[in-house]
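*Asks:* I have a structure I would like to understand better, so I am pasting it below and will then ask my questions one at a time.
Only the coordinates and a few stated rules stand behind these numbers; no lab work does. As the structure is a computational prediction, the values presented were derived from the model and not from experiment. Heads up, the Cβs are rebuilt from the backbone with ideal geometry, glycines too, and the neighbour counts pull from every protein chain shown.
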Amino acid sequence: MKRYFIKLAYNGANYHGWQIQNNGITVQECINKSLSLLLNQEINVTGAGRTDAGVHAKEFFAHFDFQGELSPDDKKKLIFRLNKYLNNDISIFDIIDVRDNAHARFDALSRTYKYYVNTFKDPFYKDFSYYVYGNLDIDLMNKAAALLFDYKDFSCFSKSKTQVKTNNCKIYHAEWEKENDKLVFTIKADRFLRNMVRAIVGTLIDVGKHRINIEDFKNIIESKNRSHAGYSVPAKALFLYKIEYPEEIFI
């Protein structure tokens, strides 16, 4: 049995997230079916994490075990066939040799998300950004975002009743920047709670609108209560952007 990583990207608009579930089609389900058909054996992929319905991934990794071995030419042909077989909203970039115990989820060192905001109505960005009417105080939003580095427990930004052992996360980077006509929030952490990024963005927008101040933002984090934080912004503007792994898991 040989283990491989798949590097892929997907437009999440037509999917109920990454992870297989009963109430709708998911990216994991599509990858499983395609690989099982093309490799002529049952394949179940394990993803680097779960993205919510409608969230996109510019870079995503999953691993699978194969009874056999894929040569460089086999991998090249399989990538071509997968891209031909899968819908156009899923792209396979690479199939990578890894150690037998490498794990797409548990070996990830960090994950980076980006959230895109427009402060004017633009029909060409409407499917991949969130339109917020009026001006936002970016300097104040960045001052609030910097407070995230001082905390580990982010229960206030987590969807309630999620089955996780801890709500602790280590945030390495959190910053708003202006890119052309868009505002982009980039956040990097060792792990994220369910709905966490969208709740953080919604609360920071409240800061940028001067609905709450820096002290309020600090109190929200310390409350550990989701009902105290801001609204969850739409999924369509959220992208899983990068996942980092230790070099030693790759062959």
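*Asks:* Express in nm, to one decimal, how much length is gained between Asp100 and Asn23 on full extension, taking 0.36 nm for each residue of separation and deducting their alpha carbon distance. Walk me through the intermediate numbers first.
*Replies:* Working: separation 77, 0.36 × 77 = 27.72 nm, distance 3.28 nm.
Working it through step by step, the gained length comes to 24.4 nm.
*Asks:* Whats the longest run of the chain with zero chymotrypsin sites (Phe, Trp or Tyr not before Pro) that are DSSP loop and have at most 11 other Cβ atoms within 10 Å? Present the calculation step by step, with values, prior to reporting the outcome.
*Replies:* Numbers: sites that count: Phe106, Phe120, Phe124, Tyr133.
Formally, the longest exposed-site-free interval is 134-251.
*Asks:* Need the list of lysines near Lys75 for cross-linking: C-alpha distance under 28 angstrom, and skip anything on the same chain fewer than eight residues off.
*Replies:* Partners within reach: Lys2, Lys7, Lys33, Lys58, Lys84, Lys242.
*Asks:* Divide by every residue of the chain the summed helix terms, -39500 (n - 2.57) for each DSSP H run of at least 4, and state the resulting mean residue ellipticity at 222 nm, rounded to the nearest 500 deg cm²/dmol. Walk me through the numbers before you get to the answer.
*Replies:* Numbers: 5 runs with 59 residues, N = 251.
My calculation for the chain gives -7500 deg cm²/dmol from helical runs alone.
*Asks:* Fully extended, how many nm does the chain gain between Arg226 and Glu69 (0.36 nm per residue separation, minus their Cα-Cα distance)?
*Replies:* Numbers: separation 157, 0.36 × 157 = 56.52 nm, distance 4.74 nm.
51.8 nm is the gain from fully extending Arg226 to Glu69.
*Asks:* Return one number: the angle in degrees, 0 to 90 and rounded to the nearest 10, between the long axis of the Cα atoms of helix 214-223 and the longest principal axis of the Cα atoms of the chain.
*Replies:* 60
*Asks:* Right, something else. Using 0.36 nm per residue of separation minus the Cα-Cα distance, give me the extension gain between Glu177 and Ser160 in nm, one decimal. Write out the running numbers ahead of the final one.
*Replies:* Working: separation 17, 0.36 × 17 = 6.12 nm, distance 2.98 nm.
The span from Glu177 to Ser160 would gain 3.1 nm if fully extended.
*Asks:* Could you tell me how many cubic angstrom of Cα convex hull volume the stretch 113-242 has per residue?
*Replies:* 102
*Asks:* Still on this model: In 5 Å bins starting at 0, how do the alpha-carbon pair distances of the chain split up by percent?
*Replies:* Pair shares across the bins are 1, 6, 13, 17, 17, 15, 12, 9, 6, 3, 1, 0.
*Asks:* What is the angle, in °, between the Cα long axis of helix 72-85 and the longest principal axis of the Cα atoms in the chain? Nearest 10 is fine, range 0 to 90.
*Replies:* Its long axis makes an angle of about 60 degrees.
*Asks:* Another question about this same structure. Can you compute the label reach from Asn167? Point 7 Å from Cα along the Cβ direction, backbone N cut-off under 19 Å, restricted to the stretch 179-208.
*Replies:* So the set is 189-204.
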